[in-house]
Amino acid sequence: MIEFRDVTLAYGDRVVLDRMSFKARFHEKIAVLGGSGEGKTTILRLILGLVRPDDGKIFIDGKDITGLSESQLREPRMNFSIVFQEGALFDSMNVKENVAFSLREYTDYPEDEIERRVRRLLGRLGIEDAIYLMTEELSGGMQRRVAIARSLAASEPGMMLYDEPTTGLDPLTADNICRLINDLSKGGPPERAGLIVVTHKVKDAAKVAERFMYIRSGHVVFDGDIDALKNTADEELRKFIDDLYAA
Ligand SMILES: Nc1ncnc2c1ncn2[C@@H]1O[C@H](COP(=O)(O)OP(=O)(O)O)[C@@H](O)[C@H]1O
Ligand SMILES: [Mg+2]
């Protein structure tokens, strides 16, 4: 379980989250929707303890993480795998080294075990042939797959956190990534097979999520399922989800 309890966070004068509260279980499939700059990425960073709230508390599995040190944060972080926005791959490394990065950083696996794990992950994502390519040689969709493989290598199995996984992709590629996100959530133990996808692309969100949270001005202004979302009376949210009705 993730719990935000009255979480407030500002960057300088800019208040991004304003006493935000919500709870999410590790098996839930959640889309966090909102316009650009509303704090969606910040929520993911807070869950991982990459930034700390100015006020309020964040509980992961019942444990308050707001005061933990870097080394103490390792354990709560193991509940998650995050795919950062735009993949954020290292362009000086080939696919294998990108995926192997956290294995080299956090484990003592010998080279043949690293190779075996990298190949298995790439195989799962359908891109084993790309193992020795440089990231600049990859299509946008393949880059996302490598980014997902890299995050799975870091801490599998865990709840997946995706930051704008389909942003910048053409519709067909975006659709493939949504399908992949769904397939991956069937792989691990069901009680941890959830995901949080942060996105402004509501149509893609509807393909992978069952619960929708819309954030605005630092608050969760909507939290419900797809039917409730489609029937919202909130004018601005209606405009935001217009895409859902487009052919
Ligand atoms: N490290 C930072 N320093 C200063 N301002 C930041 C920083 N990160 C994000 N912001 C600002 O905080 C707001 C929310 O950012 P973000 O969480 O990235 O929004 P979103 O992902 O919804 O687009 C934005 O106005 C952004 O400019
Ligand atoms: Mg963002």
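Throughout, read-outs are computed from the coordinates displayed, never taken from laboratory work. What you see is a predicted model, and the numbers here were worked out from it, not measured in a lab. Using ideal geometry, Cβ is built from the backbone for each residue, glycine included, and neighbour counts are taken over all protein chains shown.
Under a crude label model (7 Å from the Cα following the beta-carbon direction), how far is Arg238 from Met134 in nanometres?
Output for this residue pair reads 5.2 nm.
Quick one: grab Rg to one decimal and Dmax as a whole number for the stretch 12-133, Cα atoms only, in Å.
Taking only Cα atoms of the stretch 12-133, I get Rg and Dmax of 17.5, 51 Å.
Under a Cβ-only charge scheme (Lys and Arg +1, Asp and Glu -1), can you give me the dipole magnitude of the chain about the Cα centre, in debye to the nearest 20?
440
Could you rank the peptides 212-222, 231-241 by their average count of other C-beta atoms within 10 Å per residue, with the highest value first?
212-222, 231-241
Given 4 °C and 1.567 mPa s, how large is the Stokes-Einstein diffusion coefficient of the stretch 114-229 in µm²/s, with Rh as the Kirkwood radius over Cα pairs?
84
Please give the contour-minus-distance gain from Phe22 to Ser36: 0.36 nm per residue of separation, less the Cα-Cα distance, rounded to one decimal in nm.
Contour length minus Cα-Cα distance gives 3.0 nm.
Please list the helices of the chain that count as membrane-span-like by this rule: a mean Kyte-Doolittle hydropathy of at least 0.0 together with Cα atoms stretching 15 Å or more along the helix axis, each helix being a complete DSSP H run.
140-154, 171-185
If the chain were replaced by its equivalent ellipsoid, with semi-axes equal to the square roots of 5 times the Cα gyration tensor eigenvalues, what would those be, largest first, whole Å?
The equivalent ellipsoid of the chain has semi-axes of 30, 23, 16 Å.
Just to check I understand the Karplus step: with θ = phi - 60° and J = 6.51 cos²θ - 1.76 cosθ + 1.60, what whole-Hz values come out for the stretch 3-14, glycine and proline as x?
10, 9, 10, 6, 7, 10, 9, 10, 9, x, 7, 7
Which order do the peptides 77-85, 39-47 come out in when sorted by mean C-beta neighbours inside 10 angstrom, highest first?
Sorting 77-85, 39-47 by mean packing, highest first, produces 39-47, 77-85.
Whole-Hz ³J(HN,Hα) for each residue in the stretch 127-135, computed from phi via Karplus 6.51 cos²θ - 1.76 cosθ + 1.60 with θ = phi - 60°, x for glycine and proline: what do you get?
For the stretch 127-135, the Karplus curve yields 9, 4, 5, 8, 3, 9, 7, 7, 4 Hz.
To make sure I understand the rule: partners must be aspartates and glutamates, Cα under 17 Å from the Cα of Lys230, and not fewer than 8 residues away in the same chain. Which ones qualify?
Once the sequence-local aspartates and glutamates are set aside, what remains near Lys230 is Asp204, Glu210, Asp242, Asp243.
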